[in-house]
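Notes follow the structure.
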Amino acid sequence: MDNKYIENLRIKVKEALKADNMRYQHTLGVAGTSACLAMCHGADMNRAYIAGLLHDCAKCVPDDIKISQCQEFGLGISDIEMESPYLLHSKLGAYYAEHIYNINDAEICSAIKWHTTGKPDMTLLEQIVFVADYIEPYRNKAANLDKIRHLAFSDFDMATYIILDDTLNYIRKSGRNLDTQTEVTYEYYKNKVNR
């Protein structure tokens, strides 16, 4: 993919994020971090960059529209997602990637779909975007961030496990609804790093 194609994607994503400069900076951070992780772990840098660039392309869609579009497009909404519709930006973003941004790469779309909750046995690209979303340079409030950033380039599964552990702890303390997919993913990576 050439630079012009990527630049056009960047322009479209910036428009989709409604000039939310912080969200756009985060998006560029995830795209760049995804490319760096791809370089480190032997994945395709362009595909990782594009997945990172599009990971939040549905983030600024109002919650009621997220719900109605997921219903319209047959994407399925769990009880947790209905109570916490912000979670829907991942699956709606995957749909947008394919149908609005014309991404004909199932793994890029899947990486977008699973970047929030993760899933057991993620592909390398899925795991890259999941981790990049947590460690990108503009993030500064997450627990264990320096440790996780180091591990992301040295022990990828351990970094993934700690992110999931920290995420579950944060959600439990905040009293927010917990997506069971995150718990299932946590158990998978806990078992994987303990083997």
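No lab work stands behind these numbers, since they all come straight from the coordinates. Quantities reported herein were computed from a predicted structural model and do not represent experimental measurements. Glycine also receives a Cβ, built like all others from the backbone with ideal geometry; neighbour counts cover every protein chain displayed.
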Query raised in the report: Taking the stretch 32-77, which residues are of a type in the set (Gly, Ala, Ser), assigned to a helix (DSSP H, G or I), out of contact with any Ser or Thr (no Cβ under 7 Å at 6 or more places or on another chain) and in contact (Cβ under 8 Å) with a residue 24 or more places away in the chain?
Result: GLY32, SER34, ALA38
Query - the stretch 148-180 - residue that is part of a helix (DSSP H, G or I) and of a type in the set (Gly, Ala, Ser) and, of those, surrounded by the fewest Cβ atoms within 10 Å (Cβ to Cβ) - result: SER174
Report task. Go through the residues of the stretch 93-100 one by one and say whether even a single one is among the small types (Gly, Ala, Ser) and assigned to a loop (DSSP other than H, G, I, E, B). Result -> no
Query - Matching residues, the stretch 78-92, being over 18 Å from the mean Cα position of the chain (by Cα) and not in a helix (DSSP H, G or I) - result: SER78
Query raised in the report: Quick one: which of LYS119, LYS113, LYS141 is over 18 Å from ALA35 (Cβ atoms) and either under 9 Å from the mean Cα position of the chain (by Cα) or of a type in the set (S, T, N, Q) (or both)?
Result: LYS113
Requested in this report: Consider only pairs whose beta carbons are under 7 Å apart and that are at least six residues apart or on different chains; among these, list those whose first residue lies in the stretch 126-155 and is of a type in the set (Phe, Trp, Tyr) and whose second residue is surrounded by fewer than 15 Cβ atoms within 10 Å (Cβ to Cβ) and assigned to a helix (DSSP H, G or I).
Outcome: TYR138/GLN25; PHE153/CYS40
